[in-house]
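Asks: Take this structure, written in structure tokens, and hold onto it; I'll ask about it next.
The values are calculated or read from the model by the stated rules, or taken from the named source; none is laboratory data. None of the values given here were measured: they were computed from a predicted structure. Cβ coordinates were reconstructed from backbone atoms using ideal geometry, including for glycine residues, and neighbour counts include every protein chain displayed.
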Amino acid sequence: MQIHKKRPSSVAGFLILALLALTLEGCKQSTAESPAGKTGNNGSAAVPASEALTEKQILASRHPLAQAWKLAREVKTHIEKDVQDYTATLISRERFPEKKGEYVDRKVSLKIRQQPFSAYFRALEPEKDKGGEAIYVEGKNDGNALVHTTGITGWALGTLSLDPKGKILMRDQHYPMTDVGLHNLTKRLMEQAAKDMRFGDCEVTYSEDAEIDGRPCTCVTVVHPKRRKEFIFHKAKIFIDKEWNVPVCYEAYDWPPAPEEEPVLLERFEYRDLKINPGLTDFDFDTKNPEYNYSK
């Protein structure tokens, strides 16, 4: 019999909670207002910093980010319409300034279902976390995730019911597991673009010959040449798979420590071995699944 407990677990060390989400809400944003009537490089008046441009404003804008936002909207619509579920290997690297710039690297096998939003994680790397698992299903288990470790720790603690946004599962994480996935990543990219479009300090380029894991991609690169407290990155690169029309990699960089130095990587999330619409069922997000180690 499984025992559900709410107590600390080393399982937090393996969770890649992102992306994606990737991806952009992990940094604090300023609520200060821009000078009234100030005009950006695109010739349009900026709006208060506490606001984001509306869809109508974006569609009418000549800001460099407007076209990127429209592309992201097309991707988001495609995911909502044509992507019901998927499996992948998620590889991440996240930098933590409070740890003297130390990076945390992880590799996780995952399953995602869109409706109801469901996520299954199995740790592959680092070795100390290998085999740990977590399951989250929207509307189930009082909003908690069911997690367990392997070895003696897993045997002693059993299955734990933990808040996905609590201190335990958010340890060494930029994002909660409820924010993981292709759809959440795309949505947050759009939200951040709508906020960054308040300012004209932006350069956007497109590359049609990019590759991720040997697959042809379109790479959208966004650069903020001038540092502002409202901007959460200096440079970001989003790789969109040309066949699948989904974002398969996201990178964000901080401003260089000195003018002659390279930008510093803040975070990188990459989806590999992506399989779209494999037909996942409720059993793929059930601790009773014999393929998992919850009862072993």
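Asks: Within the bounds of the range 155-177, is there any residue that is among the hydroxyl-bearing types (Ser, Thr, Tyr) and at pLDDT below 90?
Replies: Checked the range 155-177: at least one residue is among the hydroxyl-bearing types (Ser, Thr, Tyr) and at pLDDT below 90.
Asks: Further question: Of all residues in the range 116-146, which are within 15 Å of Leu90 (Cβ to Cβ) and buried (at least 16 other Cβ atoms within 10 Å of the Cβ)?
Replies: Ala119, Tyr120, Phe121, Arg122, Ala123, Leu124, Asp129, Gly132, Glu133, Ala134, Tyr136
Asks: Does the range 247-266 include one or more residues that are touching a residue at least 60 places away in the same chain (Cβ under 8 Å), within 29 Å of Ala134 (Cα to Cα) and touching a helix residue (DSSP H, G or I) at 6+ places or on another chain (Cβ under 8 Å)?
Replies: Yes: the range 247-266 contains one or more residues that are touching a residue at least 60 places away in the same chain (Cβ under 8 Å), within 29 Å of Ala134 (Cα to Cα) and touching a helix residue (DSSP H, G or I) at 6+ places or on another chain (Cβ under 8 Å).
Asks: Surrounded by fewer than 15 Cβ atoms within 10 Å (Cβ to Cβ) and either part of a strand (DSSP E or B) or touching a residue at least 40 places away in the same chain (Cβ under 8 Å) (or both): which single residue out of Lys288, Lys275, Lys237 fits that description?
Replies: Lys275 is the lone residue from the list that is surrounded by fewer than 15 Cβ atoms within 10 Å (Cβ to Cβ) and either part of a strand (DSSP E or B) or touching a residue at least 40 places away in the same chain (Cβ under 8 Å) (or both).
Asks: Quick check, is Leu160 closer than 20 Å to Leu110 by Cβ, surrounded by 18 or more Cβ atoms within 10 Å (Cβ to Cβ) and over 18 Å from the mean Cα position of the chain (by Cα)?
Replies: yes
Asks: Could we say that Thr77 is farther than 30 Å from Ala123 by Cβ and at pLDDT 95 or above here?
Replies: Judged against the criteria, Thr77 is a match.
Asks: Oh, and also: Anything in the range 112-123 that is within 12 Å of Met177 (Cα to Cα) and not small (Gly, Ala, Ser)? List them, or say none.
Replies: Of everything in the range 112-123, those that are within 12 Å of Met177 (Cα to Cα) and not small (Gly, Ala, Ser) turn out to be Ile112, Phe117, Tyr120, Phe121.
Asks: Mind listing whichever residues of the range 89-107 are more than 14 Å from the chain's Cα centre (by Cα) and aliphatic (A, V, I, L, M)?
Replies: The one that is more than 14 Å from the chain's Cα centre (by Cα) and aliphatic (A, V, I, L, M): Val104.
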